[in-house]
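The values are calculated or read from the model by the stated rules, or taken from the named source; none is laboratory data. Computed from a predicted model, the values in this text were never measured in an experiment. So basically every Cβ, Gly included, is an ideal-geometry build from the backbone, and we count neighbours across all protein chains shown.
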Amino acid sequence: MNNTFKTALGGMCIAISTAVMLASSILPYFTYALPAMAALLVFFMAVECGRKWGLAVYVGTSIISALIVPGKEAVGMYIALMGYYPLIKPFFDKPKKTIVSAIIKIVFFTVDIIAAYSVMIFVFGISTEMLEESERYLLPIVLILGIIAFMLYDRALMHFEIAYYRKWQRTVRKFFRKR
């Protein structure tokens, strides 16, 4: 693929990712699922065109989503974690022992999510009504559930990657060669 085609493909991935992010304001129950789905296009672009192009899709989607998506929590989750995770996931999977890899991922998620929510609360003024109404015992429970959800996301991303390489990549590359 030449750079013109990669740029056009990247623009289409940014547009689709932004549309998925916009859906998070219509479907508020998918605040975390839709940014994860939008990140699949970052993975796609990184596989087909290289990490640099995947990073460009992540940055472009982040900027446009931050400007036009009303649901700032979903945008925050995309920018802080889900959007770039497909780019750095291979580095977390390098340790041969799955326990070491899982511990590294859990520590990464915990630090990242605490930093992301701190920025969203103190800088962007995201509402903390739920935290004020509940006791402090709810925070560790929510963090543990978040870790479980993140590990499920990591596993789903792994299965998506396997399926992409085994089933879809050949078809996608044939389609691109015709262009």
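Details
- The set of residues in the stretch 69-79 being over 8 Å from the mean Cα position of the chain (by Cα) and not charged (D, E, K, R) consists of Val69, Pro70, Gly71, Ala74, Val75, Gly76.
- Looking only at the stretch 137-179, and only at residues there that are surrounded by 14 or more Cβ atoms within 10 Å (Cβ to Cβ) and charged (D, E, K, R), the one that is farthest from Met82 (Cα to Cα): Glu161
Let's see how each residue does on (1) at pLDDT below 95; (2) surrounded by 17 or more Cβ atoms within 10 Å (Cβ to Cβ); (3) in contact with a strand residue (DSSP E or B) (Cβ under 8 Å, 6 or more places away or on another chain); (4) among the basic types (Lys, Arg):
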| residue | (1), (2), (3), (4) |
| --- | --- |
| Phe5 | yes, no, no, no |
| Leu27 | yes, no, no, no |
| Val57 | no, yes, no, no |
| Thr61 | no, yes, no, no |
| Ala80 | yes, yes, no, no |
| Phe92 | yes, no, no, no |
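- Qualifying position, being aliphatic (A, V, I, L, M) and either modelled with pLDDT of 95 or more or over 23 Å from Ile121 (Cβ atoms) (or both), among Ala66, Ala46, Ala74: Ala46
- Against the criterion of being at pLDDT below 85, assigned to a helix (DSSP H, G or I) and out of contact with any Pro (no Cβ under 9 Å at 6 or more places or on another chain), Val111 does not qualify.
- Pair list, Cβ < 7 Å and 6+ apart or interchain, from the stretch 117-131 residues that are assigned to a helix (DSSP H, G or I) and surrounded by 12 or more Cβ atoms within 10 Å (Cβ to Cβ) to residues that are β-branched (Val, Ile, Thr) and at pLDDT below 70: Met120/Ile126; Ile121/Thr128
- Of residues in the stretch 94-113 being of a type outside the set (Ser, Thr, Tyr) and touching a residue at least 24 places away in the same chain (Cβ under 8 Å), the one surrounded by the most Cβ atoms within 10 Å (Cβ to Cβ): Phe109
- The listed residues are Ile26, Ile79, Ile99, and the only one of them that is in contact with a Ser or Thr (Cβ under 8 Å, 6 or more places away or on another chain) and not hydroxyl-bearing (Ser, Thr, Tyr) turns out to be Ile79.
Matching residues to (1) aromatic (Phe, Trp, Tyr); (2) buried (at least 24 other Cβ atoms within 10 Å of the Cβ):
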| site | (1), (2) |
| --- | --- |
| Cys13 | no, yes |
| Ile16 | no, no |
| Met21 | no, yes |
| Ser24 | no, yes |
| Phe30 | yes, no |
| Gly50 | no, no |
